[in-house]
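Some notes on the structure that comes next.
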Amino acid sequence: MKIAVMGSGGIGGYFGGLLAKAGEDVTFIARGAHLEAIQKNGLQVKSVAGDFHVRPKATRDPAAVGPVDLVLFCVKAYDTEAAGAQVRPTIGPQTVVLCLLNGVDNEEKLAAILGEEHVMAGVVHILSTISAPGVISQTAGPRTIKLGEKDGRATPRVERILGVLKGAGIQAELSTQIQVDLWEKFLFICAQGGVTALGRLSIGEILACAETAAFYRDVMEEVAAVARAKGVPLPGDAVDRALAFARGLQPGMRSSLAHDLGQGNRLEVETLAGSVVRYGREVGVPTPFNFAISACLKPHHEKAMAARSG
């Protein structure tokens, strides 16, 4: 399968690296020092499941790749529209763009740019970052991908993509309720990202303190309430299951949001807590805990944006 990886950071680098290692025709679309390192030395992946090194094709220009069968769309959510426009040259009549971003509305944004028939939703659970140019460090998380059509059908293209992912050793599965899966992940990452970043704490430290553990749960409860008010049929035990998942993580685990905050990078705060606040206002659900996260982290994002533009 001819595959383009749009966004070659922690998620794209890890899963794209596995696909390249399995012999798929993979081209990474990257930029800056990370791109230069991949072109010169290849991609090094350090993982709890085993390290490996590949020498894939890499470019900053999607037009140089041309139409592909599959795009792994793995940019940060704040770059969705810009990257969606940039990736247009890779879209052929049958191209599938598998969206592996944080958030619950990126598929809509991409569909408006690329056409709804090309966009497929995916849910990924992993903690993986660029630790140095050309180096991906996957440190925690189950390393899984769920994917599915909006209507839940097991279409031939879903089955083909599943086969390719599984053939590369990726733990992938078909979702027949992808919107529910997106929101279940969303309520988890709003708490995991927001509270580990705001508190500068690991998940073990958060859950060991009654007050921060309650705050963590309340963030999830707000997201669940917003989802149900929007008509998403979340299971009644969605928050309990997310908390059980959190308790099963490595105690030292934080989040990509906390990592970006520590590095002075732009933050997906508007995609996470900010979206909850916005949706909550639309459906009449109070979201004070997510508002607190959004209000306290937004200045850090704006500071990073100003430094980037300056």
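Only the coordinates and a few stated rules stand behind these numbers; no lab work does. Remember, it's a predicted structure, so these values are computed and weren't measured experimentally. Cβ: placed from backbone, ideal geometry, glycine included. Neighbour counts: every protein chain shown.
Look at the alpha carbon pairs under 8 Å that are at least 6 residues apart: their mean separation over the length of the stretch 2-176 gives a relative contact order of 23 percent. Projected onto planes of every orientation and averaged, the convex hull of the alpha-carbon atoms in the stretch 136-252 covers 8.4 nm².
Run the numbers for ARG153 and GLN94: contour at 0.36 nm per residue of separation, minus the present Cα-Cα distance, in nm.
Values: separation 59, 0.36 × 59 = 21.24 nm, distance 1.72 nm.
Here the segment from ARG153 to GLN94 would lengthen by 19.5 nm.
Summarised as an ellipsoid, the stretch 2-176 has semi-axes of 23, 18, 15 Å, derived from the eigenvalues of the Cα gyration tensor scaled by 5 and square-rooted, with the largest first.
Of all DSSP bridge pairs formed entirely within the stretch 2-176, close to 30 percent run antiparallel. Listed by Cβ neighbour count within 10 Å, with the fewest neighbours leading, LYS166, LYS109 appear as LYS166, LYS109.
Based on DSSP, what percent of beta bridges with both residues in the stretch 102-182 are antiparallel, to the nearest 5? Walk me through the numbers on the way to the answer.
Numbers: 10 of 14 bridges.
About 70 percent, rounded to the nearest 5.
In terms of other Cβ atoms within 10 Å, CYS209, CYS99 run from fewest to most in the order CYS209, CYS99.
Kindly work out what percent of the DSSP beta bridges joining two residues of the chain are antiparallel, to the nearest 5.
Working: 13 of 41 bridges.
Counting only bridges with both partners in the chain, antiparallel ones make up about 30 percent.
Kindly identify the stretch 30-72 as rounded, prolate or oblate by the Cα gyration tensor criterion: order the square roots of the eigenvalues as a ≥ b ≥ c, call it rounded if a/c is under 1.5, otherwise compare a/b with b/c, prolate if a/b is larger, else oblate.
Note, shape of the stretch 30-72 comes out oblate.
Annotation: for a label point projected 7 angstrom from Cα along Cα→Cβ of LYS230, residues of the stretch 56-84 with backbone N closer than 17 Å are 77-78, 80-81. Full extension of the chain between ASP240 and THR176 yields a length gain of 20.9 nm, computed as 0.36 nm times the residue separation minus the alpha carbon distance. Other residues lying with their Cβ under 15 Å from the Cβ of VAL285 contribute a combined charge of 0, Lys and Arg counting +1, Asp and Glu -1. Count Lys and Arg as plus one, Asp and Glu as minus one, and take only other residues whose Cβ is under 12 Å from that of PHE52; the net charge is then +2.
Pairs of Lys residues in the chain are counted when their Cα atoms are under 15 angstrom apart and they lie 8 or more places apart or on different chains; the count is 10.
Taking the radius of gyration and the Kirkwood hydrodynamic radius from Cα positions alone, what is the Rg/Rh ratio for the stretch 79-155, to two decimal places? Please report the intermediate quantities before stating the final value.
Working: Rg = 14.1 Å, Rh = 14.0 Å.
Rg divided by Rh gives 1.01.
Neighbour counting of Cβ atoms within 10 Å sorts the residues LEU267, LEU207, fewest neighbours leading, into LEU207, LEU267.
The dipole here belongs to the stretch 122-206: it is taken about the Cα centre, uses +1 on the Cβ of Lys and Arg and -1 on the Cβ of Asp and Glu, and is about 180 debye. Computed from point charges on the beta carbon alone (+1 for Lys and Arg, -1 for Asp and Glu), the dipole magnitude for the stretch 2-176 about its Cα centre is near 540 Debye. Between GLU116 and GLU211, what's the calculated FRET efficiency when r is the beta-carbon distance and R0 is 35 Å? Round to 0.05. Here the calculated transfer efficiency is 0.20.
Between VAL283 and ARG60, the FRET efficiency estimated from the beta carbon spacing at R0 = 41 angstrom works out to 0.50. A simple spin-label model places pseudo-atoms 7 Å from Cα toward Cβ; at ASP25 and ASP51 they are separated by 3.2 nm. Would the stretch 180-309 count as rounded, prolate or oblate if I go by the C-alpha gyration tensor, calling it rounded below 1.5 in a/c and otherwise prolate when a/b exceeds b/c, oblate otherwise? The shape class here is oblate. Working note: 222 nm ellipticity from helices only, DSSP H runs with n ≥ 4, each -39,500 (n - 2.57), summed and divided by the residues of the chain, gives -15000 deg cm²/dmol to the nearest 500.
Each of [x] 1.00; [y] 0.95; [z] 1.05 is a candidate for Cα Rg over 2.2 N^0.38 Å; the one calculated from this structure is [y]. The relative contact order of the chain, computed from alpha carbon pairs under 8 Å that lie at least 6 residues apart in sequence, is 14 percent.
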